[in-house]
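Read the structure below first, then the notes.
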Amino acid sequence: MITISEILVYLCFSLLTGSFLIAFVPSSLKPEIHVQRWLQIAATIGIAFFSFIPILLLVLNLNRGNDFGGTLQMVLYTFEVGKAWIFTFLVASILFIFLILFKDQTNRKFLVAGLTLTFLLILGLGWASHATSIEHFKGFITHTTHFTVVTVWIGILLMVSWFSRGFSNWLNFLKWFTPVASACFGITIISGLLLMTFVVDFAAYTDSWMLPYGQLLLIKHLLIIPLLLYAIINGVFIKKKLQNDSSFNPKPWARVESLLVLLIFSVTAALGHQSPPSENTFKNEGPSKLFSYFYQGQSLQVFRVELTINATGLSLLLLAILFIGLTVYAFLKKAPPFITFLLSILFVFSSYLALIWSIK
């Protein structure tokens, strides 16, 4: 339940950020995009509602059937995550009223105010983040930066892939969006690695694979590879396609990229609710069920993972590389976007198996 609520929170933030940002762009530099105001209102309500789900579950866990109201008050007024939600609720309420009262979505003052309030909501999310609870100000800045650039990149991508009418001016759109997306991707990787160091030591990265947190982290990192590939396809290959064929429709490919982002959102949401990887966690909780599945019958008593080269792992790695190559080939041969999406998932699956079966 928490994982689903967090995925929806990420989507709501991306929709709000993307809808306000894309409205700043002149019509000649983007396809025609129409985002209904009710969707922005729904996203605002969604942020307040879905971000409350972890609070509610925490209260239920602490309450133990006693005074629910008193426990709720304690969490909201004494826990940092509770204080952060109160801030989020107040800002979301202001944004909700603002969206109800002001109907001119093209007014620059409206857009600046909407974007400012959305950023304040992002600050509230950073305040309540796991990184902030661990590293305080450093964690807050890192998480806020990471989430901001992700919502900028993905928000704009969602707007053009799902809310555009046709694909006119797509070449002009790519001229400015490609460098913006590249910068966001670079900052995302750097800030993401910094966030990872708050929980996982680089030297113990492979060791963490024995635990649920490490398994999810590995899958997330593998998903980033096809996402990068689709970013290159949408930013470089499609640009050449449109230059040679103005009737080519790039929207399905942008949608496939957004679906990969949704998968990464899902894994990220699940990550936030796993115990940090450590030897104590391993002793108390044992290895993950997924890791144990691949090493049934073997003694998993030591929190130590080393990679080695073997025939099985090498074969699967070559298969993974083949799937990546086939993804590009399928695009060049005008295969349906779903086929390339399936090839990307097969790449992640075979890469995962190559690494898991290269452990000694």
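The values are calculated or read from the model by the stated rules, or taken from the named source; none is laboratory data. All values derive from a computational prediction rather than experimental measurement. Here Cβ is always computed from backbone atoms with ideal geometry, including for glycine, and neighbour counts include all displayed protein chains.
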Hits in the stretch 92-118 - residues which are under 23 Å from the mean Cα position of the chain (by Cα) and buried (at least 16 other Cβ atoms within 10 Å of the Cβ):
92, 114, 115, 117, 118
Quick count over the stretch 175-189, residues being crowded, with 20+ Cβ neighbours inside 10 Å and over 17 Å from residue 227 (Cα atoms), is 0
If I ask for residues that are surrounded by fewer than 19 Cβ atoms within 10 Å (Cβ to Cβ), in a helix (DSSP H, G or I) and touching a residue at least 40 places away in the same chain (Cβ under 8 Å), which ones from the stretch 193-214 would you list?
194, 204
Could you grab me the full set of residues in the stretch 8-49 that are among the β-branched types (Val, Ile, Thr), surrounded by 19 or more Cβ atoms within 10 Å (Cβ to Cβ) and assigned to a helix (DSSP H, G or I)?
9, 17, 22, 44, 47
Answer residue from the stretch 219-256, given it is among the charged types (D, E, K, R) and out of contact with any helix residue (DSSP H, G or I) (no Cβ under 7 Å at 6 or more places or on another chain) and is surrounded by the most Cβ atoms within 10 Å (Cβ to Cβ) among those
241
Name the one entry in 241, 175 that is without any contact (Cβ under 8 Å) to a residue 40 or more places away in the chain, more than 30 Å from residue 272 (Cα to Cα) and in a helix (DSSP H, G or I).
241
What number goes with the only condition from (1) at pLDDT below 90; (2) touching a Ser or Thr at 6+ places or on another chain (Cβ under 9 Å); (3) buried (at least 20 other Cβ atoms within 10 Å of the Cβ) that residue 282 does not pass?
(2)
When residues of the stretch 62-91 are limited to those that are under 27 Å from the mean Cα position of the chain (by Cα) and exposed (fewer than 15 other Cβ atoms within 10 Å of the Cβ), the one modelled with the lowest pLDDT:
80
Could you say whether any residue in the stretch 150-166 is within 20 Å of residue 88 (Cα to Cα), within 21 Å of the chain's Cα centre (by Cα) and hydroxyl-bearing (Ser, Thr, Tyr)?
yes
Across the stretch 130-154, which residue is modelled with the lowest pLDDT among those that are buried (at least 21 other Cβ atoms within 10 Å of the Cβ) and of a type in the set (Ser, Thr, Tyr)?
132
